[in-house]
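The values are calculated or read from the model by the stated rules, or taken from the named source; none is laboratory data. Quantities reported herein were computed from a predicted structural model and do not represent experimental measurements. All Cβ positions, glycine included, derive from the backbone under ideal geometry; neighbour counts span all protein chains shown. What goes into the accessible areas is simple: the full protein's heavy atoms, side chains included, and nothing from ligands, DNA or RNA. Shrake-Rupley method; radii C 1.70, N 1.55, O 1.52, S 1.80 Å.
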Amino acid sequence: MEWLLDPFQVSLVRQALWGGILVSLICALAGTWVVLRGMAFLGDAMSHGMLPGVALASLAGGSPLVGALVSAGAMAVGVSVLSRSARLSQDTAIGLLFAGMLSLGVIVVSHSRSFAVDLTAFLFGDVLAVRPRDLDNLAVALGVAALVSALGHRLFVALAFDPRKARTLGMRPRLAHALLVGLVTLAIVASFHIVGTLLVFGLLIAPPAAAALWARRIPMIMLGAAALGVASTVTGLVVSWHAGTAAGATIAAVAVSLFFLSALADFLRRRSRTAVAAVVSGGTLLTGCAPANGTEVDAGTRDVPHGYVEGAEEAAEPQPRLVLAAGDTGAVHVLDLASEKVTHVGDVQDVRGVAGDGRFAHLSVGTDAMRVIDSGAWTVDHGDHVHYYRAAARDLGTVTGQRPQAAISDTAVTAVRFGDGTVQLLDRTRLDRGEIAGTGTPALAAAAVVPYGERLLVADGDAVRVLTRTGEPDGTVEEPCREPQGTAVTRRGVVFGCADGALLVSEDGGTFGARKIGYPRRTPARDRAREFHHRPGSTTLAAKAGDTGIWVLDVAAGTWKRVRSRSVVAVTGVGDGSPVLSLTGDGVLHAHDPASGKETARRRLLSVPLTGRPVIQVDTGRAYVNDPAGKAVHEIDYNDGLRLARTFTPGFTPTYMAETGR
């Protein structure tokens, strides 16, 4: 015990301890976002960008801390300004400023022959030189960092996982990004005096990265990072005292070592969990009954993330894929948009349509069957964090029924609608395991069934009824919906197309309410919206308005906008602040402003005459259009004037297409 306590009998080591603890807390707040957003390069550039300010301040006899703050602030402003250019990526902007600022700092240093000691302190820090005044500055910096983190938490969460969704929610992602860069700048400026710029990442990145392996919620990651940072400080000071090593470097080395130990422990935990699951599954199959001790099984599977299935791999980013079916040969393939790898899944003759639900593609086969294809990519959104998974694509088999038309899913149920007016419910959990099975609920006679809020919304006749997941009556939505046709699930609720407009059904604490969004006056029946298309979760919906144009339905504002257009083949809405896309019979892709209806861009895209079933699929960054005549799939950046980003030529006719993994 004396070996552990002896170093802290010395006042300068005690001050170094307090300095390291304060820096650890600051870096935990900022470093969590650095890890979650992949901002390590920005942090690296920011730390080196401080060199000109520190050098000039030292040569002028001023405070290096003030010089670092001014220089880093200039770096942050430069990155923000240059990153707004549509022709210059953020990485390019950071790289240019990184090289420029570092070069300027070296030039300044080279003009002073007496700068060697100060430069060493800048690069490696001197934690044992912490003074009471430094502790006061660190305490103020911690207070500011805590205030910014608390006030900007919701902004940072939306920005980290979906910047376009943040814009849709009105959260001003540019302001959030500026605040986040400022928070990182504060952490780096406060830390460089303790561990130096070359070692600051030991505390800024390693503890949050290690904590993220075990915690799922952002506050828990921050708490874990703070604990690991404090542990690194204490351990580093003790080791450096007895081994005679540089204190700052030792603290950073301990922090990095803890990350690798944590990664190893996480790997062994996952291997152990897989082995336990295999033993439990094998025992269940052999005995034909559940394990005797349910508590032990729960303990073995407690850490399995929600949405995970056996054999899947969790990824750090979305895994978008396209399920493509060739109408001429019946071949079904899955195109991985990240790796551009094309995988043949099977052959399905007489395909007549496809509907995707985020993971599965449901192929209409002939007049009496539906084929289910597991794309092997899916996303589980918990609001404040998201899980991304990938697995092997596979053909699950066939569901029988007359003229299958559409499928709508949530995490528990897939509702398949057939042309004979019936809806069959499939068990989504068993689908995830590769089994096609019903939920036990009898087929429902309805125009549409939407799983929503632990209930089933059933549109039939002139009303929308609420059923339990087992099909028992559980109420009726008061607002009528005559001749229901077309549905969409948004973050505001479920939209049903009705004869006189759209019905928005939402749920609050188990109670369902409804609001009618009526068509503009003098809308003929032939021009009503019969099928909605939109980016999943978005509140901007699009539909064909007969043969004369496009409907844009803003669910949040409760308004319809009619855009005049001829020969519309496909249409979709992207989201608030983003264009509505349409494809016309001449092979031209159009972008329209959703508020004014004005065309903002167009691109001749498809080979004419059009063949097959061209569609537009959208996610948070790109749109995908299949070109059966040209045997290609086009990737479009819809926020950059419909720029053609990539063209895939899979070697077959992509007659039908659905995007998954979103």
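Calculated FRET efficiency, residue 482 and residue 596, Cβ-Cβ r, R0 25 Å, to nearest 0.05? All intermediate terms of the calculation are to be shown ahead of the outcome.
Details: r = 31 Å, r/R0 = 1.23.
With a Förster radius of 25 Å, E is 0.20.
Nearest 0.05, what FRET efficiency do residue 526 and residue 491 give at R0 = 25 Å with Cβ-Cβ as r? Display every interim value, and only then the final one.
Values: r = 31 Å, r/R0 = 1.24.
Between residue 526 and residue 491 the formula returns 0.20.
Any chance you could run the full-extension gain for residue 500 through residue 214? It's 0.36 nm times the residue separation minus the Cα-Cα distance, nm to one decimal.
97.8 nm
Enumerate the residues in the stretch 395-435 having an amide nitrogen under 14 Å from the point lying 7 Å beyond the Cα of residue 350 toward its Cβ.
399-404
With a 1.4 Å probe and all protein chains kept in place, how much accessible area does residue 481 have, in Å² rounded to the nearest 10?
For residue 481, the solvent-accessible surface is approximately 0 Å².
Let me check something: with ligands and nucleic acids excluded, how do 154, 646 order by accessible area (1.4 Å probe), largest to smallest?
Numbers: 154 165, 646 65 Å².
If we order 154, 646 from most to least accessible, we get 154, 646.
Can you give me the distance in nm between label points at residue 269 and residue 242, each placed 7 Å from the Cα along the Cα-to-Cβ direction?
Simple spin-label model gives 2.8 nm for this pair.
Can you tell me the convex hull volume per residue for the stretch 565-662, based on C-alpha atoms, in Å³ to the nearest whole number? Provide the component values of the computation, followed by the final result.
Numbers: hull volume 8.4 nm³, N = 98.
So the per-residue Cα hull volume is 85 Å³.
The stretch 514-585: which chymotrypsin sites (Phe, Trp or Tyr not before Pro) are DSSP loop and have at most 16 other beta-carbon atoms within 10 angstrom?
none
Please give the peptides 588-597, 409-418 ranked by average Cβ packing (other Cβ atoms within 10 Å per residue), highest first, as a rough proxy for protection.
On the way: 588-597: 18.9, 409-418: 20.5.
Descending mean neighbour count gives 409-418, 588-597.
Would you kindly derive the ³J(HN,Hα) couplings of the stretch 347-352 from the backbone phi angles with the Karplus curve 6.51 cos²θ - 1.76 cosθ + 1.60 (θ = phi - 60°), listing them in order in whole Hz, with x for Gly and Pro?
10, 10, 7, 6, 6, 10
Checking the cross-link filter: which lysines have an alpha carbon closer than 17 Å to that of residue 516, excluding same-chain neighbours under 8 positions apart?
The qualifying lysines are 561.
I'd like the FRET efficiency for residue 564 and residue 368, computed as 1/(1 + (r/R0)^6) with the beta carbon distance as r and R0 of 41 Å, rounded to 0.05. Working shown, then result.
Numbers: r = 40 Å, r/R0 = 0.97.
For R0 = 41 Å, the calculated efficiency reads 0.55.
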